[in-house]
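The values are calculated or read from the model by the stated rules, or taken from the named source; none is laboratory data. These numbers were taken from a predicted model, which means no experiment stands behind them. No Cβ is skipped: glycine too gets one built from the backbone with ideal geometry, and neighbour counts run over all protein chains shown. Note: accessible area is taken over every heavy atom of the protein model, side chains too, but ligands, DNA and RNA are not part of it. Shrake-Rupley method; radii C 1.70, N 1.55, O 1.52, S 1.80 Å.
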Amino acid sequence: AAAMPTVQALVQSAVSILLVFASMPAMADAMLRERVLAAAPGLAADVLDLALEARACAAAAGRAPAATRLAVIDYSRASTEPRLWLIDVKAGRVLAVEHVAHGRGSGEDRATRLSNDEGSHQTSLGLY
């Protein structure tokens, strides 16, 4: 049986995004977007937009719990830079900005290769 992934392993997700939780109407997402971008210098608008779109899609499919936090990871940034933003969805504020690793098979300081294949040791593209 495969070992249960750690939180750190789950955080190692995609080039340009995301761990996604929670559900909100589109208008609330637009307001959240503006508040978060104002509070999170360095978070690219297109990356946040992709995370919010993925969260909305998961919510529409009934696959997203009503969590109060959203973690957005921008793997297009180097691992030597902060590239994870933890967002309080209700308050629209940034709780933390952190460094985060990617799978050792994905590249050096930037994730350039992705895979969902077990044993590849690469970051997988997706929504968790």
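Table for the structure above
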read-out	value
Per residue solvent-accessible surface (Å²) - region 73-128, probe of 1.4 Å	56 Å²
Proximal charge balance of VAL94 [Cβ under 14 Å; K/R count +1, D/E count -1]	+2
Spin-label model distance (nm) - ASP46 vs LEU86, 7 Å beyond Cα toward Cβ	2.8 nm
Accessible heavy-atom area order of ASP117, ASP29, highest first, probe of 1.4 Å	ASP117, ASP29
Inverse mean reciprocal Cα-Cα distance (Kirkwood Rh) of region 36-128, Å	14.2 Å
With DNA, RNA and ligands ignored, accessible area of GLU81 (1.4 Å probe; Å², nearest 10)	60 Å²
